[in-house]
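Here's the structure we're looking at; comments come further down.
No lab work stands behind these numbers, since they all come straight from the coordinates. The model shown is predicted, which means the values in this text are computed figures rather than measured ones. When we count neighbours, we look across all protein chains shown, and the Cβ atoms used for this are built from the backbone with ideal geometry, even at glycine.
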Amino acid sequence: MTRLPAVLVLLSAVGCSPTTSRPQAAGAAPALQSIALPGAPPGGVVMDYLAYDRAHHRVWVPAGNTGRVDVLDATNGQVSQVEGFPTAEMERNGKKRTVGPSSATVGDNIVYVGNRGDSTVCAVAADSLAKGACVKLDSMPDGLAYVASAKEVWVTTPRDKSITVLDAATPGALTVKTKMSFEGEPEGFVVDDARGVFYTNLEDKDRTLTIDIKSRQVTRTWLPSCGEDGPKGLALDHALNFLFVACADKVKVLDAGHEGKELSSIDTGDGVDNIDYLEARHSLYAGAARAARLTVAILDPQGKLKSDVVVATAKGARNAVVTDEGTAYLTDSPEGKILIVPAARR
């Protein structure tokens with residue numbers, strides 16, 4: 001049976017006919033699509049980090065205040081749900097909101113989900129979507145990163161200025177291995193397994209750190225000069241050893257092999273948080289929530305970023321993840337939707 005391209009199937013699944021869309025010129029900005037999350041409350045869905053499971057072609061959407069994780073099949077647009085995540089009410093900036101599952105990372109046929117509702121990390125089977133064992137943390141989890149070489153999950157826990165390391169050697173079971181403390185709040189993450197390096201930022205100190213995965217020691221500290229808002233998400237070109245550091249309104253390229261020298265930067269508009277990078281295409285994806293746009297930029301071998309396409313999204317849309325084909329998925333929390341930006345034609 002001939003398999004339709006994923007983008008065409010997705011458009012059909014959300015009620016848009018690909019035959020009626022406008023022709024897209026090479027390099028032109030693709031048309032924005034969306035998928036509404038099932039059972040989204042009127043006030044929207046609190047979303048933060050997304051994760052893309054390349055083996056199963058699924059986008060994992062921790063859907064905070066609903067107490068669920070929605071799993072989008074990128075080949076047909078169908079949404080499955082993993083239930084049973086506790087939620088809790090908390091106050092931030094004088095406003096009360098309900099928090100729950102908020103982050104995910106893909107391991108070896110296991111997806112690990114961080115839950116702010118009860119400060120746990122839970123293992124979920126990547127194929128059957130069966131929710132497994134959870135482990136309780138001392139502090140609320142933020143970002144999660146699976147470190148394949150060590151069979152560990154590293155969890156940024158900025159409220160107590162730490163990173164918690166979980167032992168994930170036994171499939172489906174998690175235990176706390178150790179905790180690393182810092183003089184600031186860890187924000188953002190990317191793993192370079194080949195070189196044995198974990199990258200994170202100290203958002204409140206405007207610092208980017210390199211951490212040796214085996215010794216757990218900070219080996220280098222760089223100054224990305226993001227300003228008062230500090231650095232946010234991170235991404236890496238492994239082959240070139242170039243590190244992308246997201247600031248609130250731009251993304252910078254640092255030469256990780258040469259003491260973090262800044263090679264270039266690109267303006268994205270305000271409201272950038274997490275970013276993603278498709279190394280096969282040398283394409284960087286940065287969603288700006290306040291500016292309501294997605295910037296896709298191309299990296300050259302010298303570390304220079306050049307804008308490729310800019311797509312208008314929605315206020316609050318951020319934290320893009322990208323498939324191998326170049327389709328980007330972003331959170332649209334106010335509307336309880338996932339936005340889809342198909343890959344630009346070449």
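Going from the fewest other Cβ atoms within 10 Å to the most, the residues Trp222, Trp60 appear in the order Trp222, Trp60. Each residue of region 282-296 is assigned a 3J(HN,Hα), and the resulting list reads 6, 10, 9, 10, 9, x, 9, 5, 6, 7, 6, 7, 10, 9, 10 Hz, derived from the Karplus form 6.51 cos²θ - 1.76 cosθ + 1.60 (θ = phi - 60°), x at Gly and Pro. For region 179-231, GluC sites (Glu not before Pro) are listed when DSSP marks them as loop and at most 10 other Cβ atoms sit within 10 Å of their Cβ; the list is Glu183, Glu228.
Does region 68-115 classify as rounded, prolate or oblate by the C-alpha gyration tensor (a ≥ b ≥ c root eigenvalues; a/c under 1.5 gives rounded; else a/b over b/c gives prolate, otherwise oblate)? Cα axes put region 68-115 in the prolate bin. Taking every DSSP helix (H) stretch of at least 4 residues in the chain, weighting each as -39,500 (n - 2.57) and dividing the sum by the residue count yields a mean residue ellipticity at 222 nm of -500 deg cm²/dmol. Shape analysis of region 184-346 yields a ratio of the Cα radius of gyration to the Kirkwood radius, Rg/Rh, of 0.96.
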